[in-house]
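Taking it in order: structure first as C-alpha cells, then the write-up.
Each value in this text was obtained by applying a stated rule to the coordinates, not by laboratory testing. Worth saying up front: this structure is predicted, and the values here are computed from it rather than measured. With ideal geometry, Cβ positions are generated from the backbone for all residues, glycine too; neighbour counts draw on all protein chains shown.
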Amino acid sequence: MAQIIQLLQSAIVFGTVILFGCIGEIITEKAGNLNLGVPGIMYLGGIAGLIGTFFYESSVENPNKILCIVIALVCSFAASALGGLIYSFLTITLRANQNVTGLTITIFGSGIANFYGGYLNKLAGGVGQISVKTTSEAFRTTLPFATSFGDFGKVFLSYGFLVYLAIALAVIVQYFLNRTGKGLALRSVGENPATADAAGINVTKYKYLATCIGAGISGLGGLYYVMDYIKGTWANDGKLESLGWLALALVIFATWKTVNSIWGAYLFGVLYWMYLYIPGLGRSTQELFKMLPYVVTLIVLIVSSLKKKPEQQPPASLGLAYFREDR
C-alpha cells in the first residue's frame, strides 16, 4: 500500500508540471496557433521565477513568504508571456512558419534559461549552490488538515497550492471555451478565421491574447518544476525540456479538452514512474516504461483519427497563417 501511495504522489507532482503546459497550449491551439515552443516557454517561466526570488531572498534577512510567491508568479508569468509575444509577432504579424518558430522558441528558451542558471550558480558560489529555500518551502506548504485524512490525505491533499491551481485552471478554461461568448469567439478564430473576421471578431487580437496568456500559463509549469519538483534550485539536465514535449503530447491525448488533461497528466505520471515500483527491471526495460506516455498518445491519435468525431479533432485552421486579404 505504501508503494502505491508513493507512486500516486509522484504521478501527481510529475503530472502537475505537464498539466500547466498542456492547459496553456490548448488555449493557444484553440486560436489556431501551434506553438511547439512549450518546452522553451516552460524554461523561461522556471528561470524567471528563480531569478526574481533569488535576488529578493539575497537582499533581505527575513524574506516574506507571501511576497516570495507573488514575485515568483509575476516573474514567471511575465517572462513566459513575453516568449508567447515573440512567437505571436513572428507567426501572426510576420506570418512565419509556426512549426519552425516554435522549435526556435524552444532552443531560445532553453539556451537563455541555462545561461542564466549558470550565472546564478556562479553568484551562489558554485554548481548546485542555488537555493531559494524560503520560496520553495512556501510553494511546497501543504494543507494543514491533510494528515487528518490518512491515506486519502497523503494521496490527494499533501501538495503545494499550484497543484490545486492547475486543476482549477483546467476546469475554468474548459468552462470559458465552451460556455462563454468570448470563448466561443476564440474557438471560431481557430476553426475558421475568415468567417470569424467577417462576423466582426478581431482575429489578430484573439490570436495574440490566446497565445500570450497560454504561454504564461505554460510557464507556470516550469515554475512548479523549479520550486516544487527540484525544491528551489536549478538543474541543467534537460529534464524540463522532456516534460515540455510530454505536455504537447498530452494536448493530443486530452483531445484538446482541458478537463481531460487533468486525469491524462496523472496517468502519464503513473506510466512514467511505474518502473520504479516493479522489481527486477533492467535498464532497457526502464527506458521502455518512460516511452509509455508517448505510445498511449499515439494510440489515442490513431483511434480519434479513425473515428473522425469533430469534437476529438484539432481546430481546423491549426498551424495555418491567416491572410486577411485573401478572405
Out of Ser218, Ser148, Ser131, a Gaussian network model of the chain with alpha-carbon springs under 10 Å gives the largest mean-square fluctuation to Ser148
Could you sort out which of Lys154/Lys290; Lys133/Lys257; Lys154/Lys309; Lys122/Lys239; Lys205/Lys308 sit more than 29 Å apart by Cα distance in this structure? Lys133/Lys257; Lys154/Lys309; Lys205/Lys308
Cut-off under 13 Å on the C-alpha distance; same-chain residues fewer than 8 positions from Lys231 excluded. Which aspartates and glutamates are left, in chain and number order? Glu137
Stretched out fully, how many nm does the piece from Val295 to Ile66 gain, at 0.36 nm a residue minus the Cα gap? 78.3 nm
With r defined as the distance between the Cβ atoms of Lys122 and Leu320 and R0 fixed at 35 Å, what FRET efficiency is calculated, to the nearest 0.05? 0.20
Using only helices, what value at 222 nm comes out for the chain when you add -39,500 (n - 2.57) per DSSP H run of length 4 or more and divide by the total residues, to the nearest 500 deg cm²/dmol? -24000 deg cm²/dmol
Exactly which trypsin sites (Lys or Arg not before Pro) in the range 193-270 are in a DSSP loop and have at most 14 other Cβ atoms within 10 Å? Lys231
Scan the range 50-126 for trypsin sites (Lys or Arg not before Pro) in coil per DSSP, keeping those whose Cβ has at most 16 other Cβ atoms within 10 Å, and list them by number. Arg95
